[in-house]
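**Student:** Below are the structure tokens for one structure; questions will follow.
Every number here is computed from the coordinates shown, using simple stated rules; none is lab data. Since we're looking at a predicted model, the values are computed, not measured. All Cβ positions, glycine included, derive from the backbone under ideal geometry; neighbour counts span all protein chains shown.
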Amino acid sequence: MVLGILLVGGTGCAQEKSAPAEPRMQRGLPSAKVLRLHQLSVPSGARHVAYARDDGWSSYGLALTFRVPERRLDGFLRAARVPKSALRQGYFLGDVATEQTGWKKRAGRSYVKGSSPGTRASAPRHDVTVDMTDRPREVTVYVTSVRG
């Protein structure tokens, strides 16, 4: 198995071929059960949806990416409990994303980042990075979620 899928049609975080990793990115939506567990929803009209799950002994990890019109970003952020006012310039994707998906920061792109106040015990924590380069037409959302 080789990670080599370009998730976002040439924009966003690039994927490079790397050593085999489990789990690998899968195209499409995770199951409704997984989305409920992580308290996430994918906005209607989202494109280039892909995800990877990591069900460890003590936690459940999810990496999720999609492209969506910028006008739908606010609703996603509210549902994920990531205040839009808390978004800051920058790029952050946790260990799940970098090790399991191959997502990498790309030069010349404009990123904002933010996190939900969740805790692993009571609610999943969501770390969100949004590639704003192609806005207002579309933005690319990268989410990592960990639930204990």
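**Student:** Please give, to one decimal in nm, the separation of the simple spin-label points placed at Arg78 and Ser122, each 7 Å out from Cα toward the Cβ.
**Tutor:** Roughly 2.3 nm, to one decimal.
**Student:** Additional query: Could you go through the range 67-76 in sequence order and give the Karplus-derived ³J(HN,Hα) for each residue, using 6.51 cos²θ - 1.76 cosθ + 1.60 with θ = phi - 60°, rounded to whole Hz, and x for Gly and Pro?
**Tutor:** 10, 8, x, 4, 4, 9, 5, 4, x, 5
**Student:** Tell me which residues come under 5 Å, amide H to amide H, from Arg125 once H is placed; ignore anything under 5 positions away on its chain.
**Tutor:** Val146
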